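Taking it in order: structure first as structure tokens, then the write-up.
The values are calculated or read from the model by the stated rules, or taken from the named source; none is laboratory data. None of the values given here were measured: they were computed from a predicted structure. Reconstructed Cβ throughout: ideal geometry from the backbone, glycine too, with neighbour counts over all protein chains shown.
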Amino acid sequence: MAAVLLIALDAANFTLALLLVTLGLVIIFGLMNVINMAHGELFLLGAYTVVLVERRGGSFWVALLLAPLALAVAGLLIEELVIRHVYRRFIDTILATWGLSISLKQAVIVVFGPTAQQVENPLPQTVTILTTLYPGYRLFIMAVAVLLALGTFFLFYRTRLGLVARAVIANRPMAASLGLNTRRMDRMTFAFGAALAGLAGAVMAPLMSVDPQMGVGFLIPAFLSILVGGTGSLLGTVLGTTLIASAGTVVASVWTQIAAQLVVFGLAIVVIRLFPRGLTGGRRG
């Protein structure tokens, strides 16, 4: 029983951590039609923001607040300098963000070096859940992810800004003809997605080896989650993330990590074959 509960908690932890990354990615893709291959590096920069703040004598909690703000500013710069020049050129956005990914990774290596950095766990205490001890910081990550997901849903479905965003997603030319500032919405969207990635990287830094390759481990599952759940739905993102992360965690706990990856890819292929538009997009006729 204790082993089952531990696996369930680990699956929930990975699901919610992955959701932090996937939300930003699906918002950028859904609103701007941009496949951001550099999203993993935005996650990476969030983690290295924690490293930099702690090197300067700051606390982890200060870094956790600064990371999304710093990445939102970085997102604005990236959108202005790179992304806006390749709108409506789908393949070009992939190539441009892939090049940006390589550049950001090399910049991190130049500044911090190729070796891994360590961030101390700010909450080393454990919590007893039904006689099972579980790390308190992992529970903190889960709480942050749930609150952020609920906040994102509220923003998109209960505010005027969310209404404007959904109008742009549904029909950009019509939204522009009605006087909505789609250019400003693009800036805000990319900044928001980058901020989510930065926060995810910062909050995961104490549990991971902070190195120039750490973003790849979340980028691929995030893309799979979007494809499985559906590209045009936040609910689909939650469903896809839950399916991908839970399957990977459960298989890895009873078998091997390689087997878990094979199962996840196989599961994604089956779902996409049956539901080409994702779980929320309807089954193939």
Cβ pairs under 7 Å, 6+ apart, first in segment 211-231 and at positive phi, second modelled with pLDDT of 85 or more and surrounded by 24 or more Cβ atoms within 10 Å (Cβ to Cβ): none
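For segment 45-59, name all the residues that are buried (at least 20 other Cβ atoms within 10 Å of the Cβ) and either under 12 Å from LEU196 (Cβ atoms) or in contact (Cβ under 8 Å) with a residue 40 or more places away in the chain (or both). Before the answer, list the steps.
Within segment 45-59, the subset buried (at least 20 other Cβ atoms within 10 Å of the Cβ) is 45-50, 53.
Result: LEU45, GLY46, ALA47, TYR48, THR49, VAL50.
Anything in segment 205-220 that is touching a strand residue (DSSP E or B) at 6+ places or on another chain (Cβ under 9 Å) and in a helix (DSSP H, G or I)? List them, or say none.
Looking only at segment 205-220, we keep the residues that are touching a strand residue (DSSP E or B) at 6+ places or on another chain (Cβ under 9 Å), and these are 205, 207, 209-211.
Answer for segment 205-220, where residues must be touching a strand residue (DSSP E or B) at 6+ places or on another chain (Cβ under 9 Å) and in a helix (DSSP H, G or I): ALA205, LEU207.
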Filtered residue count, segment 20-44, keeping only those that are surrounded by 24 or more Cβ atoms within 10 Å (Cβ to Cβ) and closer than 30 Å to THR115 by Cβ: 13
Restricting segment 239-262 to residues that are hydrophobic (A, V, I, L, M, F, W, C) and touching a Gly at 6+ places or on another chain (Cβ under 7 Å), the residue that is nearest to LEU25 (Cα to Cα): LEU239
Residues within segment 94-152 that are at positive phi and either among the charged types (D, E, K, R) or surrounded by 13 or more Cβ atoms within 10 Å (Cβ to Cβ) (or both), tallied: 0
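What do you reckon, is LEU147 free of Cβ contacts under 8 Å to residues at least 40 places away in the same chain and hydrophobic (A, V, I, L, M, F, W, C)?
Details: free of Cβ contacts under 8 Å to residues at least 40 places away in the same chain: yes; hydrophobic (A, V, I, L, M, F, W, C): yes.
Yes, satisfied.
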Pairs, first within 22 Å of ASN36 (Cβ to Cβ) in segment 102-115, second modelled with pLDDT of 90 or more and part of a loop (DSSP other than H, G, I, E, B), C-beta under 8 Å, six or more apart: LEU104/ALA38; LYS105/PRO212; VAL108/PRO212; ILE109/PRO212
Residue count for segment 232-285, restricted to those that are farther than 19 Å from ASN13 by Cα, of a type in the set (S, T, N, Q) and in contact with a helix residue (DSSP H, G or I) (Cβ under 6 Å, 6 or more places away or on another chain): 1
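Given the options SER253, SER246, SER225, name the one that is within 22 Å of TRP98 (Cβ to Cβ), in a helix (DSSP H, G or I) and not hydrophobic (A, V, I, L, M, F, W, C). If you could, list the steps in order and put the result at the bottom.
Details: SER253 fails: within 22 Å of TRP98 (Cβ to Cβ); SER246 fails: within 22 Å of TRP98 (Cβ to Cβ).
Of SER253, SER246, SER225, the one residue that is within 22 Å of TRP98 (Cβ to Cβ), in a helix (DSSP H, G or I) and not hydrophobic (A, V, I, L, M, F, W, C) is SER225.
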Residue satisfying all of: in segment 235-275; surrounded by 20 or more Cβ atoms within 10 Å (Cβ to Cβ) and not β-branched (Val, Ile, Thr); modelled with the lowest pLDDT among these: GLY236
